[in-house]
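The values are calculated or read from the model by the stated rules, or taken from the named source; none is laboratory data. Predicted model, so just to flag it, every value in this text is computed and none were measured. In this analysis, Cβ positions are derived from the backbone assuming ideal geometry, glycine residues included, and neighbour counts consider all displayed protein chains.
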Amino acid sequence: MFNAEKIEKTVNITCDSPDFTQTRLDKLLFDHFPEYSRAYFQKLINENLILVNSKINKKGSYKVKKLDEITVNFPEIKQFDLSPKKVDFEIIDIQDDFIIVNKPAGLIVHPASKTQNDEVTLVNGLLYKFEELNKFSQKERPGIVHRLDKGTSGLLIVARTTTAQIKFSEMFKKRLMKKTYLAVVKGHPSKKGKVDLEIGRHPYKKHMMSHVSYQSKNALTYYEVLKYYKDCSLLAVRIVTGRTHQIRVHLAAIGHGLLGDDVYGIQSKLISHPALHAWKLEFEFKNKNFSYCKHVPEDFKELLISVKK
């Protein structure tokens, strides 16, 4: 992972060769620097670290023109502690190709640019319990094919082989993984509904996502009310897409933010993190159907008891 606030080096490219003309920006960068992936350069573009003719360029698909001046700011690579460590989390199932775990709220899945060097993650615990994950070339995210926010508890699948990681990643992209969450929100939404609003980076708050964004992607969420309480509701939420903070952003956008969510929803004395739990996970793999369900943790149960009273 890199630290976008610290630049390690800057490289300038002058597109004075006919071979450059009409080439996609991300492909041109990959051709120039094959030691990095196109996904890496897309991250640089998203972080405003790629300039074309001294102006920030937000599209990897930009077609390069003759004599364009491209500036590439390479950020400092942030080193993380990826040593195996004993971490408290529940293992739901172990298969030859994957593991199903129950991630507790408060635990980060994998290290990222904002992760403190001394902050323990689920990856540290996975490396401690499953030695085969140490063989993955992607050291920061071995076996990780999707993630849950730090404050979200519940079911997570982890691949045990590189082949399985590629397969599950494709399944998530093709929306073949059925994920259902439990959420407690303020107010009383309609009994059933869907939220079809694009999500992207917040226009001026970089740590947030928003349904009002200059660079957004489609996002689709379905929900059903399981129980109405006096001032809030318990929902079953199914996401078709998997955008960052999707459920939290979508429910807040329709006026029913999550309890305990001090970023998008409603602060609560009843729970210290967003009231969101990855409840069910269903998929087909190697011609076999898998279905998992995990009940909510104790603090979520106490929240439901409190709002019922």
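Here's the yes/no breakdown for (1) loosely packed, with under 14 Cβ neighbours inside 10 Å; (2) under 15 Å from the mean Cα position of the chain (by Cα):
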residue	(1), (2)
Glu140	no, yes
Gly151	no, yes
Ile157	no, yes
Thr161	no, no
Ala164	no, no
Val185	no, no
Arg201	no, yes
His207	yes, yes
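Condition check: within 21 Å of the chain's Cα centre (by Cα) and surrounded by 14 or more Cβ atoms within 10 Å (Cβ to Cβ). Does Leu82 satisfy that? When the stated conditions are applied, Leu82 passes them. Of the set (1) more than 22 Å from Gln165 (Cα to Cα); (2) touching a residue at least 40 places away in the same chain (Cβ under 8 Å), all apply to Asn102 but (1).
Select, from Glu140, Glu170, the only residue that is free of Cβ contacts under 8 Å to residues at least 40 places away in the same chain and not small (Gly, Ala, Ser).
Glu170
Pairs are defined by a Cβ separation below 6 Å, a sequence spacing of at least 6 or placement on different chains, a first member in region 185-202 that is under 15 Å from Ala252 (Cβ atoms) and in contact (Cβ under 8 Å) with a residue 60 or more places away in the chain, and a second member that is of a type in the set (Ser, Thr, Tyr) and buried (at least 19 other Cβ atoms within 10 Å of the Cβ); the pairs so defined are Val185/Ser233; Gly193/Tyr223.
Taking the criterion of being among the aliphatic types (A, V, I, L, M) and more than 17 Å from the chain's Cα centre (by Cα), the residues of region 216-236 that qualify are Val225, Leu226, Leu234, Leu235, Ala236.
Comparison of Ser61, Ser137, Ser83 shows that the only residue that is hydroxyl-bearing (Ser, Thr, Tyr) and within 30 Å of Pro18 (Cβ to Cβ) is Ser61.
Taking every residue in region 280-309 that is closer than 30 Å to Gln165 by Cα and pairing it with any residue that is part of a helix (DSSP H, G or I) and of a type outside the set (Phe, Trp, Tyr), at least 6 positions away or on another chain, the pairs with Cβ-Cβ distances below 7 Å are Phe283/Met171. Of the residues making up region 260-305, just one is surrounded by fewer than 16 Cβ atoms within 10 Å (Cβ to Cβ), of a type in the set (Gly, Ala, Ser) and outside any loop (DSSP other than H, G, I, E, B), namely Ser291. Of the set (1) within 21 Å of Gly106 (Cα to Cα); (2) assigned to a loop (DSSP other than H, G, I, E, B); (3) not charged (D, E, K, R), all apply to Ile247 but (2).
Of the listed requirements (1) at pLDDT 90 or above; (2) within 27 Å of Gln165 (Cα to Cα); (3) not polar (S, T, N, Q), Val52 misses just one: (2). Of note, Ile13 satisfies the criterion of being farther than 26 Å from Met209 by Cβ and either charged (D, E, K, R) or modelled with pLDDT of 85 or more (or both).
So which of Leu148, Leu126 ends up being aliphatic (A, V, I, L, M) and either assigned by TED's automatic domain parsing to the domain that holds Phe285 or not in a loop (DSSP other than H, G, I, E, B) (or both)?
Leu126
Can you work out which of the residues in region 198-233 that are touching a helix residue (DSSP H, G or I) at 6+ places or on another chain (Cβ under 7 Å) and at pLDDT 95 or above is farthest from Val307 (Cα to Cα)? Out of the qualifying residues, it is Thr221.
Scanning for something of a type outside the set (Gly, Ala, Ser), assigned by TED's automatic domain parsing to the domain that holds Ile247 and touching a Gly at 6+ places or on another chain (Cβ under 8 Å), does region 190-201 turn up at least one residue? Taking every residue of region 190-201 in turn, none turns out to be of a type outside the set (Gly, Ala, Ser), assigned by TED's automatic domain parsing to the domain that holds Ile247 and touching a Gly at 6+ places or on another chain (Cβ under 8 Å). State all residues of region 129-138 that are surrounded by fewer than 16 Cβ atoms within 10 Å (Cβ to Cβ), assigned to a loop (DSSP other than H, G, I, E, B) and either of a type in the set (Ser, Thr, Tyr) or at pLDDT 90 or above (or both); if no residue qualifies, say none. Passing the criteria: only Ser137.
Quick check on Thr244: is it modelled with pLDDT under 95, of a type in the set (Val, Ile, Thr), surrounded by fewer than 17 Cβ atoms within 10 Å (Cβ to Cβ) and assigned by TED's automatic domain parsing to the domain that holds Leu126? Step through it out loud before you land on a result.
Working: modelled with pLDDT under 95: yes; of a type in the set (Val, Ile, Thr): yes; surrounded by fewer than 17 Cβ atoms within 10 Å (Cβ to Cβ): yes; assigned by TED's automatic domain parsing to the domain that holds Leu126: no.
No: the conditions fail for Thr244.
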